[in-house]
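**Student:** Sharing a structure below in structure tokens format, with a few things to ask.
The values are calculated or read from the model by the stated rules, or taken from the named source; none is laboratory data. Every value quoted in this text rests on a predicted model; they were computed, and no experiment measured them. FYI the Cβ positions are ideal-geometry reconstructions off the backbone, even for glycines, and counts take in every protein chain you see.
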Amino acid sequence: MSYVIDRRLNGKNKSTVNRQRFLRRYKSHIKRAVEDAVGRRSITDIEHGENISIPGRDIDEPTFHHGQGGRQTQVHPGNKEFSPGDRFARPQGGGGGTGGNQAGDNGEGMDEFVFQITQDEFLDFMFEDLALPNLIKRQLTGTDTFKPVRAGISQQGNPSRINIVRSMRAAHARRIALSGGSRKRLRAALAELEVLRQTSPDDLIAIQALQEEISALRVRVERIPFLDTFDLRYNLIVKQPNPSSKAVMFCLMDVSGSMTQATKDLAKRFYILLYLFLRRNYERIEVVFIRHHTSAKEVEEEEFFYSRETGGTIVSSALRLMQEIIEDRYPVSEWNLYCAQASDGDNWNDDSPICRDLLINKIMPAMQYYCYVEITPRKHQTLWQEYQAVAEHFADSFAQQQITDAGDIYPVFRQLFQKRMAT
């Protein structure tokens, strides 16, 4: 058996790179463990790290070894009992070596490999391949990220960004502008001198005067520098803001008397998952929390998750309040509008058709995406049936799912916000 030992020094961040390679290799195991953890965890520790177990048979590594055949030379330690060529009997009993585990009669097994992933890694696997549907570019404001782009030529800048072609062109133009008159007079004086030498070679005074003028003109032209600091041109680089979309998510939760404490806990689990997803994946997004029973009220995050207020059920009150908030604070031309509604489906019968009309005629035309989650093990009621009519009108931007227990929350969440291919 041959062993290959890597004795290279562990460079900077090498262990981090190896860890990321390991996580990619066992991605399916980790995603399955994350999905199981979301279902069994409490609300308070849903975002923490997790211990991942991988069966030992799945982490086997390839090894180098000698093939069959060939000649091998081995060196064994000497001893005082045997000489070359002696034969000795096979030891009695089983094979050599001892093990620490007791034998079993129910098949073979193998220890599992257990390691821990961090909170960031846990959330990365939890929200992988998820995105807000139909997110489009709206008004670009308040962005914090920039990228350098070329913005023409400047007369001031960093020497490393000098534009040689533009600088030489500016120098040539300056020399022409400053010496144009002198060069023109120089050419004329040279022509006059040539004519004078041919026609009046004896007129030495005139010839000498032209020669002195020509010398003065040449000195004047040569005195102009070939390249001056005034001629230097630089490539101008400016920081351009990266486009970012503004979005708002409305969270509508039913807190009426028909919602038991267990049902409310399931709704809170869904909204906590949604809140973590939005905060981790999107910087420019606002979240509006609305609780409703017979009346709706916009609340803060703390009151949304922990208030004990309850009452009857009129779902349309929450839809009307959301519409008022949109008209007052979130213009459709500037914002991407999203809504996630959770309820047990129990609603005043005369109110369900009102909810349908509000959604079809006023709310859904402005929405990028609307998802309704019904948390109940019972059969669907009138609110679900009315919402099916909304889904027929807005198939691409309206979705509804049912949750019966904690194990359904994460699969339903992934189904609602699965990243879609651009069309």
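**Student:** Any chance you could count how many residues in the range 383-423 are modelled with pLDDT under 90 and among the acidic types (Asp, Glu)?
**Tutor:** Summing the residues that are modelled with pLDDT under 90 and among the acidic types (Asp, Glu) in the range 383-423 gives 3.
**Student:** Mind telling me which of the residues Glu192, Glu212 ends up being over 24 Å from Asp231 (Cβ atoms), of a type in the set (D, E, K, R) and surrounded by fewer than 12 Cβ atoms within 10 Å (Cβ to Cβ)?
**Tutor:** Criteria check complete, one pass: Glu212.
**Student:** Consider the range 305-351. How many of its residues are surrounded by fewer than 21 Cβ atoms within 10 Å (Cβ to Cβ), aromatic (Phe, Trp, Tyr) and touching a strand residue (DSSP E or B) at 6+ places or on another chain (Cβ under 7 Å)?
**Tutor:** Adding up the residues that qualify gives 2.
**Student:** Something else now. Residues in the range 209-267 that are closer than 30 Å to Ala189 by Cβ, of a type in the set (Val, Ile, Thr) and in contact with an Asp or Glu (Cβ under 8 Å, 6 or more places away or on another chain): how many?
**Tutor:** So the count comes out to 0.
**Student:** Can you tell me which of Arg291, Arg280, Arg269, Arg284 is in contact (Cβ under 8 Å) with a residue 60 or more places away in the chain and touching a Phe, Trp or Tyr at 6+ places or on another chain (Cβ under 7 Å)?
**Tutor:** Going through Arg291, Arg280, Arg269, Arg284 in turn, just one is in contact (Cβ under 8 Å) with a residue 60 or more places away in the chain and touching a Phe, Trp or Tyr at 6+ places or on another chain (Cβ under 7 Å): Arg280.
**Student:** Report whether or not Ala262 is more than 18 Å from Val315 (Cα to Cα), of a type in the set (Gly, Ala, Ser) and outside the structural domain of Gly407 (by TED's automatic domain parsing).
**Tutor:** Numbers: more than 18 Å from Val315 (Cα to Cα): yes; of a type in the set (Gly, Ala, Ser): yes; outside the structural domain of Gly407 (by TED's automatic domain parsing): no.
Judged against the criteria, Ala262 is not a match.
**Student:** Checking Val238 against (1) under 38 Å from the mean Cα position of the chain (by Cα); (2) over 30 Å from Leu132 (Cα atoms); (3) surrounded by 15 or more Cβ atoms within 10 Å (Cβ to Cβ); (4) among the hydrophobic types (A, V, I, L, M, F, W, C): exactly one of these is not met. Which one?
**Tutor:** Answer for Val238: the failing condition is (3).
**Student:** Now for a separate question. Is the range 218-228 home to any residue that is touching a residue at least 40 places away in the same chain (Cβ under 8 Å) and part of a helix (DSSP H, G or I)?
**Tutor:** There is at least one residue in the range 218-228 that is touching a residue at least 40 places away in the same chain (Cβ under 8 Å) and part of a helix (DSSP H, G or I).
**Student:** Another question about this same structure. Which members of the range 303-339 meet the condition of being of a type outside the set (A, V, I, L, M, F, W, C) and within 28 Å of the chain's Cα centre (by Cα)?
**Tutor:** The answer is Arg329, Tyr330, Pro331, Ser333, Glu334, Asn336, Tyr338.
**Student:** Can I ask one more? Among the residues of the range 142-183, how many are under 20 Å from Val219 (Cβ atoms) and among the polar types (S, T, N, Q)?
**Tutor:** Adding up the residues that qualify gives 2.
**Student:** Here is a follow-up. Among the numbered criteria (1) under 29 Å from Gly157 (Cα atoms); (2) surrounded by fewer than 16 Cβ atoms within 10 Å (Cβ to Cβ); (3) among the charged types (D, E, K, R), which one does Arg218 miss?
**Tutor:** For Arg218, the exception is condition (1).
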